[in-house]
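Participant: Sharing a structure here in structure tokens format.
The values are calculated or read from the model by the stated rules, or taken from the named source; none is laboratory data. What you see is a predicted model, and the numbers here were worked out from it, not measured in a lab. Glycine also receives a Cβ, built like all others from the backbone with ideal geometry; neighbour counts cover every protein chain displayed. These area figures cover heavy atoms from the full protein model, side chains too; ligands, DNA and RNA do not enter into them. Shrake-Rupley method; radii C 1.70, N 1.55, O 1.52, S 1.80 Å.
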Amino acid sequence: MERARGAAGVPLGVVLLGVLATALAWTRLGPVPRSTVWAEDGGVFLRERIALGPLDTLLHPYAGYVHLVPRLVVDLGYALPVTRYAQVLSATSCLLVGLVAALVFVLSRGVVRSWPLRVVLAAAPVVLPLAPYEISGNAANLHWYALVLVPWAFAHRSRTWRGAVGLAVVVACAVLTEPLTVLFLPLLLLGWRHDLRGGAAGGAARGTAPGGGVRALPVTVAALAGAVAQLVTTLTHPRPTVPGAPAFRDVVAGYLLRPVAGSWNPDVGAAVTAVVAHGWAVVLVPAGLLLVVLVAAVVVGPWPARWMVVALVLGSGAVWWAALVANGGAGIPWAHPVAAMAGLPPQRYAAAAGMLLVSGAVVAAATLLDPDHWSRPAGRPGGTARLLGSVAACCVVAAVVTSAVFAVAPGETRRSAGPVWAAQVPAAVEACRTDPSLEVVRFRSAPWSSPVPCSWLER
């Protein structure tokens, strides 16, 4: 009876976690940003939805790749009254981030065994200090959250075929939204590790159901098919890029000043100011301590944890580097910061790289705090190393939890000044009413403008 109650409580706990994550993401935006339409949500995606219809836009290329989930969100917003368009997109985007948090909590249980630490891991994308500034609460930046989800989805072993098919649908949506998810394709091997380590006999010896590895097939097919679709799109509709490439030293220095520093402080300019005033030690020392935790987890952890830590951290660096190449050409001379660079705003891809880095740090901390990973023979570190590792891991967890505490109040965003979408509806309705020949009116959005058909206003 007690076991049945515990099993019934797990889904309710997951739902509660998703609801709380959604509510926190919504709260962190503030009233004006969640009522403001951002970038492609009111530009490319809305314009193409109006011109091409609901189906032809879903896999329509933009900026060199496919954006399935954001276009579905825009479809939903366009199907509802125009007055609520901004809030529908913000609410749906926050809901999807809450879903990502809930899925990460469920899918990571094979690597992070402690449920409180899995809560911290699942909350990382929501409580990240840089998230509200640009990437949270809008459809245009949902693709970054796909990067946090797919490592766990790729590595997961589903217990039933129904679960495997459902997870494959999630994977297909994620990969058809963000092409950099291909960075994590090697983690698919973890989903097949049952068969690779001895098939049904090995599974029976470990108490797992036979065929667990084969149930990785739907996810593998979905991931590879989505990756091929993104590759074909990139080759046939290449993204325009700025000539040149950033120097490696600027990539590394920028990574320390943006994703790393922004993982615990939304004021990324403060890191630049501190480096200019006191030297690189103010960033290198905490980064070095974090590196010790990551390396220690790779040394003492089981293979799934090792793979996941390495994949998340390397993926973080790769996302930062790829985004610099795609968006900045030669880029900013981060290796030689000056005081004026403190005024540069946070980049959306710094937030994406930060989410992956924090996720890797939490997995590493959970690995070091698990006593079973220290108690094995064959040359494992002794008591002193275990104590130091546990203290360092606790510091990492404390940093993430502290971010959550200070993340409740709304912060500065790129939409804090509006313009509020619904406030423009009465004048637009009047313009369409007084001029029957008028078909489209322009709404102001951030940072562009949006075409709104009079037929939508008349609905």
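Participant: Of 296, 342, 335, 350, which residue is under 23 Å from the mean Cα position of the chain (by Cα) and open to solvent by less than 60 Å² (accessible area, probe 1.4 Å)?
Facilitator: On the way: 296 fails: under 23 Å from the mean Cα position of the chain (by Cα); 342 fails: under 23 Å from the mean Cα position of the chain (by Cα); 335 fails: under 23 Å from the mean Cα position of the chain (by Cα).
When all the criteria are applied, what remains is 350.
Participant: Continuing with this model, one more query. Look at residue 3 and say whether it is open to solvent by 60 Å² or more (accessible area, probe 1.4 Å), modelled with pLDDT under 95, out of contact with any helix residue (DSSP H, G or I) (no Cβ under 6 Å at 6 or more places or on another chain) and in a helix (DSSP H, G or I). Even if it seems obvious, please write down each step before you answer.
Facilitator: Working: open to solvent by 60 Å² or more (accessible area, probe 1.4 Å): yes; modelled with pLDDT under 95: yes; out of contact with any helix residue (DSSP H, G or I) (no Cβ under 6 Å at 6 or more places or on another chain): yes; in a helix (DSSP H, G or I): yes.
In short, yes.
Participant: When region 299-332 is examined, which residues are found to be open to solvent by 50 Å² or more (accessible area, probe 1.4 Å) and closer than 22 Å to residue 104 by Cβ? Step through it out loud before you land on a result.
Facilitator: We begin by selecting, within region 299-332, every residue open to solvent by 50 Å² or more (accessible area, probe 1.4 Å); these are 299, 303, 307, 310, 314, 321, 325, 327, 330, 332.
Of everything in region 299-332, those that are open to solvent by 50 Å² or more (accessible area, probe 1.4 Å) and closer than 22 Å to residue 104 by Cβ turn out to be 303, 307, 310, 314.
Participant: Name the pairs: first residue in region 159-181 and under 24 Å from residue 231 (Cβ atoms), second residue among the aromatic types (Phe, Trp, Tyr), Cβ to Cβ under 6 Å, at least 6 apart or on different chains?
Facilitator: Pairs found: 179/65.
Participant: Okay, next question. Hey, among the residues in region 266-292 that are open to solvent by 50 Å² or more (accessible area, probe 1.4 Å) and touching a residue at least 60 places away in the same chain (Cβ under 8 Å), which one's farthest from the chain's Cα centre (by Cα)?
Facilitator: Within region 266-292, the match that is farthest from the chain's Cα centre (by Cα) is 276.
Participant: Still on this structure, please answer the following. Give the residue that is surrounded by the fewest Cβ atoms within 10 Å (Cβ to Cβ), with candidates limited to residues of region 121-141 that are among the hydrophobic types (A, V, I, L, M, F, W, C) and not in a helix (DSSP H, G or I). Before you say what the answer is, go through the steps one by one.
Facilitator: Of region 121-141, the ones among the hydrophobic types (A, V, I, L, M, F, W, C) are 121-124, 126-128, 130-131, 135, 139-140.
Adding the requirement that they be not in a helix (DSSP H, G or I) leaves 128, 130, 135.
Details: 128: 30, 130: 27, 135: 29.
By that ranking, first place goes to 130.
Participant: If a residue must be in contact with a Leu (Cβ under 9 Å, 6 or more places away or on another chain) and crowded, with 17+ Cβ neighbours inside 10 Å, how many such residues does region 43-64 contain?
Facilitator: Of the residues in that region, 2 qualify.
Residues checked against (1) touching a helix residue (DSSP H, G or I) at 6+ places or on another chain (Cβ under 7 Å); (2) at pLDDT below 95:
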position	(1), (2)
314	no, no
328	no, yes
348	yes, yes
364	yes, yes
373	yes, yes
385	no, yes
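Participant: For residues that are at pLDDT 95 or above, out of contact with any Leu (no Cβ under 9 Å at 6 or more places or on another chain) and of a type in the set (Gly, Ala, Ser), tally how many sit in region 148-186.
Facilitator: Going through region 148-186 one residue at a time, the tally reaches 1.
Participant: Let me ask something else about it. Looking at 74, 10, which is the one that is at pLDDT below 95 and either under 23 Å from residue 412 (Cα atoms) or not charged (D, E, K, R) (or both)? First the steps, then the outcome.
Facilitator: Working: 74 fails: at pLDDT below 95.
Going through 74, 10 in turn, the sole match is 10.
Participant: Let me ask you something else. Tell me which residues, restricted to region 107-119, are within 16 Å of the chain's Cα centre (by Cα) and surrounded by fewer than 22 Cβ atoms within 10 Å (Cβ to Cβ).
Facilitator: The answer is 119, and nothing else.
Participant: Give region 408-434 a look and list any residue that's open to solvent by 60 Å² or more (accessible area, probe 1.4 Å) and of a type outside the set (Val, Ile, Thr), or say none.
Facilitator: Once the filter is applied, which keeps residues that are open to solvent by 60 Å² or more (accessible area, probe 1.4 Å) and of a type outside the set (Val, Ile, Thr), region 408-434 yields 409, 410, 412, 414, 417, 423, 426, 427, 430, 433.
Participant: Name every residue in region 240-257 that is buried (at least 16 other Cβ atoms within 10 Å of the Cβ) and of a type in the set (Ser, Thr, Tyr), in order of residue number.
Facilitator: 255
Participant: Would region 410-419 turn up any residue that is of a type outside the set (Ser, Thr, Tyr) and assigned to a helix (DSSP H, G or I)? Break it down stepwise before answering.
Facilitator: Filtering region 410-419 down to residues of a type outside the set (Ser, Thr, Tyr) leaves 410-412, 414-415, 417-419.
From what is left, the residues that are assigned to a helix (DSSP H, G or I) are none.
No, region 410-419 has no match at all.
Participant: Next up: When you scan region 21-33, do you find a residue that is over 30 Å from residue 118 (Cβ atoms), modelled with pLDDT of 95 or more and open to solvent by less than 60 Å² (accessible area, probe 1.4 Å), even just one?
Facilitator: Checking region 21-33: at least one residue is over 30 Å from residue 118 (Cβ atoms), modelled with pLDDT of 95 or more and open to solvent by less than 60 Å² (accessible area, probe 1.4 Å).
Participant: Let me ask you something else. If you check 168, 172, 153, which single one turns out to be farther than 20 Å from residue 72 by Cα and out of contact with any strand residue (DSSP E or B) (no Cβ under 6 Å at 6 or more places or on another chain)? Outline the logic, then answer.
Facilitator: Working: 168 fails: farther than 20 Å from residue 72 by Cα; 172 fails: farther than 20 Å from residue 72 by Cα.
From the options 168, 172, 153, the qualifying one is 153.
Participant: Would you check which residues across region 142-165 are of a type outside the set (Gly, Ala, Ser), open to solvent by 20 Å² or more (accessible area, probe 1.4 Å), in a helix (DSSP H, G or I) and closer than 21 Å to residue 15 by Cα and list them?
Facilitator: Once the filter is applied, which keeps residues that are of a type outside the set (Gly, Ala, Ser), open to solvent by 20 Å² or more (accessible area, probe 1.4 Å), in a helix (DSSP H, G or I) and closer than 21 Å to residue 15 by Cα, region 142-165 yields 162, 165.
Participant: Turning to a different aspect of this structure: Picking from 105, 45, which residue would you name as being closer than 24 Å to residue 164 by Cβ, in contact with a Phe, Trp or Tyr (Cβ under 9 Å, 6 or more places away or on another chain) and touching a residue at least 24 places away in the same chain (Cβ under 8 Å)? Steps first, answer last, please.
Facilitator: Working: 45 fails: closer than 24 Å to residue 164 by Cβ.
The match here is 105.
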